[in-house]
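In what follows, a structure is listed as structure tokens, so that the remarks can point back to it.
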Amino acid sequence: MNCLFCEISQSRQDAKIIYEDEHCLAIQPGHTLVIPKEHVTDIHQLETST
């Protein structure tokens, strides 16, 4: 799998991380982008916590 966001979340690609928790991280490549740590191809594939 060649996913830039997975590379960033696994610290294999540099990024300016401004927030991180066990589920997601926020990076700032000029604007803020929040990405899940779990690889999904669609946001609806993410499990929701209750």
Residue-normalised 222 nm signal for the chain, counting each DSSP H run of n ≥ 4 as -39,500 (n - 2.57), nearest 500 deg cm²/dmol, is -2500 deg cm²/dmol
With +1 at each Lys and Arg Cβ and -1 at each Asp and Glu Cβ, the charge dipole magnitude of the chain around its Cα centre, to the nearest 20 debye, comes out at 180 debye
Residue-ordered couplings for segment 19-26, obtained by feeding phi - 60° into the Karplus form 6.51 cos²θ - 1.76 cosθ + 1.60 and rounding to whole Hz (Gly and Pro as x), are 7, 8, 9, 6, 10, 8, 9, 10
Segment 4-45: spread of alpha-carbon positions along the three principal axes, whole Å, largest first, is 26, 20, 18
When the chain is treated as a Gaussian network with springs between alpha carbons less than 10 Å apart, the largest mean-square fluctuation among His31, His23, His39 is found at His31
Net charge near Cys3 (other residues with Cβ under 15 Å of its Cβ; Lys, Arg +1; Asp, Glu -1) is -1
Dividing the mean separation of Cα pairs under 8 Å (6+ apart) by the residue count of the chain yields a relative contact order in percent of 24 percent
In whole Hz, the Karplus estimates of ³J(HN,Hα) for segment 36-43 (6.51, -1.76, 1.60; θ = phi - 60°; x where Gly or Pro) are x, 7, 8, 6, 9, 8, 9, 4
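We did not get these values from a lab; they are worked out from the coordinates using the rules stated. Everything numeric in this text was worked out from a predicted model, so none of it was measured. A quick note on method: Cβ atoms are made from the backbone with ideal geometry, for glycine too, and the neighbour counts reach across all protein chains shown.
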